[in-house]
1. Highest mean first, what order results for 356-362, 59-65 on Cβ atoms within 10 Å?
2. Express in nm, to one decimal, how much length is gained between Glu378 and Leu394 on full extension, taking 0.36 nm for each residue of separation and deducting their alpha carbon distance.
3. Holding the Cα-Cα limit at 25 Å, pick out from Lys219/Lys305; Lys74/Lys148; Lys219/Lys242 the pairs that are longer than that.
4. Tell me, in nm to one decimal, what length is gained between Ser78 and Lys203 on full extension, where the rule is 0.36 nm per residue of separation less the Cα-Cα distance?
5. Residues in segment 346-363 near a label at Phe321, defined as backbone nitrogen under 17 Å from the 7 Å Cα→Cβ point?
6. Restrict the search to segment 143-227; then list the GluC sites (Glu not before Pro) that DSSP places in a loop and that have at most 12 other Cβ atoms within 10 Å of their Cβ.
7. If I model a spin label at Arg192 and Arg299 as a point 7 Å from the Cα along the Cα→Cβ vector, what separation in nanometres do I get?
8. For segment 315-383, what is one quarter of the convex hull surface built on the Cα atoms, given in nm²?
Amino acid sequence: MSSSNELRDASGDAPPSTVGTVDAPAIGDPPTADEVIEVLGNVIDPELGSDIVSLGMVPSVEVSDDGVVTVKIKLTISGCPMRAEIRDEVETRVGLHPGVSDTVIVWGEMTAEERSEVMTKARWNARGTAADTMVPESCNVIAIASGKGGVGKSSVTVNLAAALAASGHTVGVLDADIWGFSVPRLLGIGDRMEAERVEGSDKPLIVPNERRVGDGLLKVVSTGFLVDEDTALMWRGLMLTKAVEQFLRDVRWGELDYLLIDMPPGTGDVQMGLARLLPATDLIVVTTPALAAQKVAQRAADMAKRSFLRVVGVIENMSTFTDPHGDEHALFGSGGGEALAAAIDAPLLGRIPIETAVSAGGDAGRPVVLDGDGPASEVFRAIARTIVDDLAPLVDPEQVDMAGCTARMFENVDAAFAELDAQGT
């Protein structure tokens, strides 16, 4: 059998040094192109985590009468660092067929549109292999996101969590804003998190800090419970992602009705890691009325859709200020929430006005929604009711398999691919 390793670029030119040696004569009839493609379906792109056939990286396969198999492979970039590994795997698997006398790989490079489609498929395939977490399957996971900092995203998160708990629910709050954690202060919790041995686990699990709210319960996890509030965390992106992964895998969350995640601003590693670990997450985007904030927030929504997360709504924070005479003032502009909702095809869940009671409640560690009676409190409570009644109603844990997100995920992926097709891919 021959194991000639002839590598060609997209133009078909082959460097003389890439031709290998013949080990043994071919035995039997050559494989069909379909048989070769079936074999290539077992070659996994190490970076993308899926096979090169389903990713669309193999546009053509040709088999000659004398057993020479020519495989065209398109890489995302010509200098892909995994090129040698993919080459070795293709040559090994194809060369196992007794009718193959030679394997020739013709390398190509994807267009921008093809790269976009491949990344879409890779993200979708990664959802099916999401690692187990300690978050119950019946829990409704809602990420509160923003395109930029300073829009009051953390304040929105804790007030919605408190409103949900006040109505009798058990609510987890994950402070995923590792660098800019503020949830501990906003909720008035300063205790250090502890870890303890749990039956059935081979390692100690982190125990969330808890706070009773009416008939409900808040379970809170944050790096703010591990370091002092004025300590700077000088971590790179990979460390941030690993920290969030540990909060999902190594925390004894127990029973949860809802898990609200205070996301870091932007569209970085943490956001992508959460989309991979919790693929059934819903997203609420927070913006201010300013047009600039709306445009930036639109990128956060775009990231979510590309990761097949459902964007369930928009909240406009710092909407208007009402002076003692009852006159409203749009201090930060107007229309940003409506414009964002229209742009991403999601409902505008509410406009939260500027009130000193909101910031005062955050400074005191008591969210305004707990005992406030102003317009901001009412909006928070109304949004919480919308979450329970419409956006993320509770699911019976015994029925979680029947009422899961599979249908919704397929609907999202179909829509994503249809959008790509419309763009000419």
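The values are calculated or read from the model by the stated rules, or taken from the named source; none is laboratory data. The structure displayed is predicted, hence computed values, not measured ones. Because the Cβ atoms are built from the backbone with ideal geometry, glycine has one as well, and the counts that use them run over all protein chains shown. Remember, those area values only see protein heavy atoms, side chains included, never the ligands or the DNA or RNA. Shrake-Rupley method; radii C 1.70, N 1.55, O 1.52, S 1.80 Å.
1. The densest-packed peptide leads the list: 356-362, 59-65.
2. 3.5 nm
3. Lys219/Lys305; Lys74/Lys148
4. 40.6 nm
5. Hits in segment 346-363 for Phe321 at 17 Å: 352-361.
6. When the GluC sites (Glu not before Pro) of segment 143-227 are filtered for loop state and at most 12 Cβ neighbours within 10 Å, Glu199 remain.
7. Placing both labels 7 Å beyond Cα along the Cβ direction yields 3.8 nm.
8. For the Cα atoms of segment 315-383, the hull's average projected area reads 5.1 nm².
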